[in-house]
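Enquirer: Can you keep this structure in mind? I'll have questions shortly.
Bear in mind these aren't lab numbers, they're just calculated from the coordinates by the rules spelled out. Remember, predicted model here, so these are calculated numbers, not experimental data. Heads up, the Cβs are rebuilt from the backbone with ideal geometry, glycines too, and the neighbour counts pull from every protein chain shown.
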């Protein structure tokens with residue numbers, strides 16, 4: 001899945017008739033790593049958005065939009081559950097995590113770190 005940052009990079013490249021390989025060469029990063037950055041599979045290196053903006057010749061407004069999109073990428077956690085119950089729990093947590101208070105998060109974390117000893 002492409003990130004907001006990736007969409008903007010691709011749009012600006014296409015508008016200028018440039019390719020992913022051109023961007024990789026200009027930023028001294030491999031093509032596969034640039035692709036992984038744009039799809040959210042690798043973190044965006046510090047100052048990478050500014051390097052890309054400079055390479056593309058973006059104006060101030062476009063540069064601001066590109067750098068702001070970095071914050072939208074967020075953290076991605078990949079998880080391979082061992083069974084249906086673990087998958088269901090992970091999905092429920094992921095779906096509701098941003099609605100929990102800090103106290104609720106800390107209580108869940110503490111229970112998980114105890115290994116569920118209180119619930120056996």
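Enquirer: Per 5 Å bin, what is the whole-percent P(r) computed from every C-alpha pair distance within the chain?
Expert: Result, from short to long distances: 2, 10, 16, 18, 13, 8, 9, 10, 8, 4, 2, 1, 0 percent.
Enquirer: On a 0 to 90° scale, report how tilted helix 60-73 is relative to the longest principal axis of the chain, with both axes built from alpha carbons and the result rounded to the nearest 10.
Expert: Orientation of helix 60-73: about 20 degrees from the principal axis.
Enquirer: Moving to a separate point now. Where does helix 4-15 land angle-wise versus the long Cα axis of the chain, in degrees 0 to 90, nearest 10?
Expert: 20
Enquirer: Label points 7 Å out from Cα along the Cβ direction at residue 22 and residue 47: separation in nm?
Expert: Going from the residue 22 label point to the residue 47 one covers 2.4 nm.
Enquirer: As a footprinting exposure proxy, order 22, 64 by other Cβ within 10 Å, with the fewest listed first. Spell out each step's value before the answer.
Expert: Working: 22 16, 64 12.
In increasing order of surrounding Cβ atoms, one gets 64, 22.
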